[in-house]
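Accompanying notes for the structure given below.
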Amino acid sequence: MTKQLQIVWTLAWRNLWRNHRRTLIMIAAVSVGVWAMIFMTALMRGMVNDMIRSGVENLPGHVQVHHPGFRDDPSVNNLIPATDTELAARLADRGFRAWSTRINVPAVITSERESRGVTLYGVDPARDRDVTFVADSIAAGRYLESIDDDGLVLGRKLLENLDTDLGKRVVLMSQDPDNDIADRGFRIVGVFEAELDNVEETMIFGGKRTIQQMLRIGDRVTEVAVVGPDYRDVEPLRRELARILDDDVEVLPWTELNTYLGTMLRVMDGFVLVWTVVIFLALSFGLVNTLVMAVFERVREIGLMLALGMRPVSILAQVMLESLLLLAIGLAVGTSLAWATIVPLEAGIDISIVGEGLEMFGASSVLYPELLLADVLLADAVVLILGILASLSPAWRASRYRPVEAITKV
Amino acid sequence: MNITLRLAWRNLWRHSRRTWLTLGAMAFSNILLVFMISLQFGMYGMMIDNTLRVMTGHLQVQAEGYKDEHKMRQTVPDIAELAASLRRDLELERVAPRALAFALASSSDRTYGLQIAGVDPARESLVSSIPGLVRTGNYLAAGDAAEIVIGSVLARNLRVGTGDEVTLLGSGLDGSFAAAVVTVSGIFETGVVELDRGLAEVPLGFFQDVFFMEGAGHQVVIAARDLDEAALLTERTRELVADNPGLVVHDWDALQPGLRQAIKADMSSAFFMYGILVILVAFSVLNTQLMSVLERTREFGIVMALGISPGRLGRLVLLETALMGFMGFVGGAVLGALVTGWFAANGFSYPGMDELTANFNLPSRVYPPVAFLPTVIGPLVVYFFSMVSALYPALRLNWLQPVEAMRAA
Amino acid sequence: MTAVKCIDLCKTYRQGEQEIKALDHVDLDVERGGFVCLSAPSGGGKTTLLNAIGGLDIPDSGQVWIAGTRIDNMSKSELARLRLTQIGFVFQAYNLIPVLTAKENVEFVMQVQGVPARDRAKLALEILDEVGLAGLDGRRPAEMSGGQQQRVAVARALVSRPALVLADEPTANLDSHSADGLMELFVELNRNHQTTFVIATHDQRVMAYAKRLIKMLDGRIVGDIRQHEH
């Protein structure tokens, strides 16, 4: 077999170009198919990753620690007694750097003219910088300066809805653990902008200790948000946290905190595979067709080669190799084409004409395609492996010819 | 059957395997297209319907600016009267007034912020699905009693049941402090967490008293039977409120701009995929027909020498493609409809679909309807591009020289 | 020593309703260094006999021996090896692999045998020279005349120095000048290398070169004439 490799290669390569029109059409088809596989995947990946990134930033954190009852009843009655110094010691001990203890309660914000339901966050500005986007998204005014800051930072859209402005006063109302109204006046010191309107409308930020005093909860918090090295792989982080923290807290990764996004990430991989296979199947008919015709019109030569003593397995190898060469050229062209079309788009594609629709999906209106090596490899592997399977039948048929019948066939 | 047709048919089956493979490519794509398009159209319909039916309706009359700013003072004055007159002029029962405000709701244990809607208890069920989704207790009784229906998550969070009292705190139209004690008459469950957690309904008259509305409200909601009727009603309502300065009519597209755009965004990615499938089929057909023409060069040379024009041979090649395309069309459409029909009966779902579709007010199992247009549109496009791709092989015949052609192997 | 020995060969084909006896109890011995012509009208069984000798076709009954080895019960791969090493074939037409040049066609068998590239090229050029095709080694079959193509086929059949060459109507597509040239080449090889030739033909010019002329009709040998020595 190996000693026949050279002749098999020569025959496969020259036969490929014998009917160059047919070969070129098929290469074009494979190229378009491969391009579509990779291009579409990169767009979808970009969109989903963007959704997940901003989703994780808004949560925030890759893993959150709560009181076990908090998810069902997100109120000041379900607090965890994590004092910063104690927790900090334990987290820092383990090498976690990006983490923040926060307060997250429903509240009503009232301006002179309007009221809105919002989610109030009491944060430690020094720590929160590492886990969330707000500090870097201030469009006017300033971000919170300390946990004792008595100012409030809210979204541009909420500011408009409340008919108020930077520097004006608003009143926040929520409840304390005894279900008495907890309210306090605040001055708006900063305005942030976010990709999603919904974030701008519903999230407001205050100094952690100021909020703790308003809610009369001492130094307790509702959650600890921790950021790990990679949002795709949060399980080790969750396990580690669950191990070092007390048993009476719930440690959840973002995939469970936001099941929509978690599912999206899981379904995405499935989608990529299905899409790649569907495209391949559409291609496979043409591929098999081309090979069947190529074998059919070469029956006599195949017979001749067999008559001269070439082994059937070499005939099989020859047809398979011809098919592989065709696929490889198509893959190379398609992959380069995908690369060439995606790279210029990596700066972002503006799709704001359907922006509000994308917001329903949780995606922003600028799409950043993401070319993953793994997706390119998947597309190439699917095409090669399934291509080999599809070529087996015509190649096998060719190798089974009886030399006499093949030669005498007119 | 005339002679050309018979010839075309027989030529098609000279290489039956090749024809079958090309038909296979057509059928594969057609089945996929029929199913995907049916599923898509079915889902869009459900998305629009389910989203609008919850509360939005197909059109609303509002004060100018309210849609974007949702400010308490952007009111529709004398809203009950306006609703009644619209009901009369449109000869339509499905017209209901509403007023909206944010407030804090407190039970003995808990306090939460939420949106309060003042509704006409007798009419609300005609424009919204929420009255029908009351799982515990009853929807609001007619009249202006101090009653409230709340979502299931809110009820759980407030730790209240039917018959319990809830205190509402907010600010009225004039900015003054507004407060009231209401009795929970029912608890609804829509499955949409935001609504189940953040919405409550009280009778409109009661709402107007508590929030000092002086007869005003924020929306007159009108529901149509379908989107066509919605367009018609929008036109007529616009005429009817034209002489009320400060009032505007918004159709569902304006009220839920995300909906149509979500559909558009989804459609554009779907059409990209469909386009690729169609192109791949076209390549398949081009390959097959080009091969079939090239291998018959000698034969074509002979017939041309006998006096048959290249144009006629070209038409023969196109006729062969048309026959093949027709079989692919019929086979693909029928099989596609069968596949869709199977899913229409058994439902279509994939792992994780419930989490994803809930965002779009869709159930976790979709039953795609079998309809004529979604069934033929994909196969028709495939047919069209098959014919286009056969043009090159057919036109090539014009360059054929009989003598050279006959010498070809 | 016998180069080819056939004992009681029978082979029947079906063609529609009809049964055709292509070989009907054929016995044949060909001595080493023989130059035999099989002549028969079309359908007389000569190609079937040739194919049976070459191991391309398995007879229904009877035995075939090549150089003292029985081949009718060999496996496909054993037969492939036999053809590769001991037998050279020249067919009527479609003799060459169209995508390979003259030299590569000649090298084909050696390449399959695993002869090193340098030896291969040397041998191929030598034999092409011997069959009178010096300088045409880079041409593809489509760029050569029918006679030249047959010479390439002969060169390929002979390059591995087989003991036996089987040729089926080698002159069928040649003009008389080319045919004479080809036959003279055969005669020369037969004389110089003691190569055994079995040629199926109904061409009178070819028969004239034969040392022994075997006539077949309806699958039976009906005449066995020893002619002149070269």
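In table form, for the structure just shown:
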{"read-out": "Helices (runs of 4 or more DSSP H) lying entirely in the stretch B:1-105 (those with 1 or more residues that are within 30 Å of residue B:299 (Cβ to Cβ), in contact with a Gly (Cβ under 6 Å, 6 or more places away or on another chain) and within 14 Å of chain A (Cβ to nearest Cβ))", "value": "B:16-51"}
{"read-out": "Condition broken by residue A:156, with the remaining ones in (1) open to solvent by 50 Å² or more (accessible area, probe 1.4 Å); (2) modelled with pLDDT of 90 or more; (3) touching a Ser or Thr at 6+ places or on another chain (Cβ under 7 Å) satisfied", "value": "(3)"}
{"read-out": "Test: residue in the stretch A:235-246 that is β-branched (Val, Ile, Thr) and under 22 Å from residue A:122 (Cα atoms)", "value": "no"}
{"read-out": "In the stretch B:113-126, residue nearest to the other protein chains (Cβ to nearest Cβ) [restricted to those that are open to solvent by 10 Å² or more (accessible area, probe 1.4 Å) and in contact with a helix residue (DSSP H, G or I) (Cβ under 9 Å, 6 or more places away or on another chain)]", "value": "B:113"}
{"read-out": "Single condition residue B:332 does not satisfy, out of (1) within 13 Å of another protein chain (Cβ to nearest Cβ); (2) crowded, with 17+ Cβ neighbours inside 10 Å; (3) over 21 Å from residue B:22 (Cβ atoms)", "value": "(3)"}
{"read-out": "Among residues of the stretch B:348-405, those that are open to solvent by 40 Å² or more (accessible area, probe 1.4 Å), assigned to a helix (DSSP H, G or I) and within 25 Å of residue B:258 (Cβ to Cβ), counted", "value": "3"}
{"read-out": "Residue check, residue C:39 surrounded by fewer than 17 Cβ atoms within 10 Å (Cβ to Cβ) and either small (Gly, Ala, Ser) or in contact with a strand residue (DSSP E or B) (Cβ under 9 Å, 6 or more places away or on another chain) (or both)", "value": "no"}
{"read-out": "Residue ID - least open to solvent (accessible area, probe 1.4 Å), chosen from residues in the stretch A:293-312 that are more than 22 Å from residue C:152 (Cβ to Cβ) and within 9 Å of chain C (Cβ to nearest Cβ)", "value": "A:312"}
{"read-out": "All strands (runs of 3 or more DSSP E) inside the stretch C:123-230 with 3 or more residues being farther than 24 Å from residue C:56 by Cα and open to solvent by 50 Å² or more (accessible area, probe 1.4 Å)", "value": "C:220-226"}
{"read-out": "Filter result for residue A:65 (more than 30 Å from residue C:100 (Cα to Cα), more than 14 Å from chain C (Cβ to nearest Cβ), among the β-branched types (Val, Ile, Thr) and open to solvent by 10 Å² or more (accessible area, probe 1.4 Å))", "value": "no"}
{"read-out": "Only listed residue being open to solvent by 10 Å² or more (accessible area, probe 1.4 Å), touching a strand residue (DSSP E or B) at 6+ places or on another chain (Cβ under 8 Å) and at negative phi, chosen from B:82, B:59", "value": "B:82"}
{"read-out": "Residue within the stretch C:75-94 that is more than 12 Å from chain A (Cβ to nearest Cβ) and in contact with a helix residue (DSSP H, G or I) (Cβ under 8 Å, 6 or more places away or on another chain) present", "value": "no"}
{"read-out": "Helices (runs of 4 or more DSSP H) contained in the stretch A:209-318 and holding at least 2 residues within 30 Å of residue A:131 (Cα to Cα)", "value": "A:235-244, A:254-257, A:259-296"}
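The values are calculated or read from the model by the stated rules, or taken from the named source; none is laboratory data. As the structure is a computational prediction, the values presented were derived from the model and not from experiment. Neighbour counts run over all protein chains shown; Cβ positions are idealised from the backbone, glycine included. Keep in mind that these areas ignore ligands, DNA and RNA; they rest on the heavy atoms of the full protein, side chains included. Shrake-Rupley method; radii C 1.70, N 1.55, O 1.52, S 1.80 Å.
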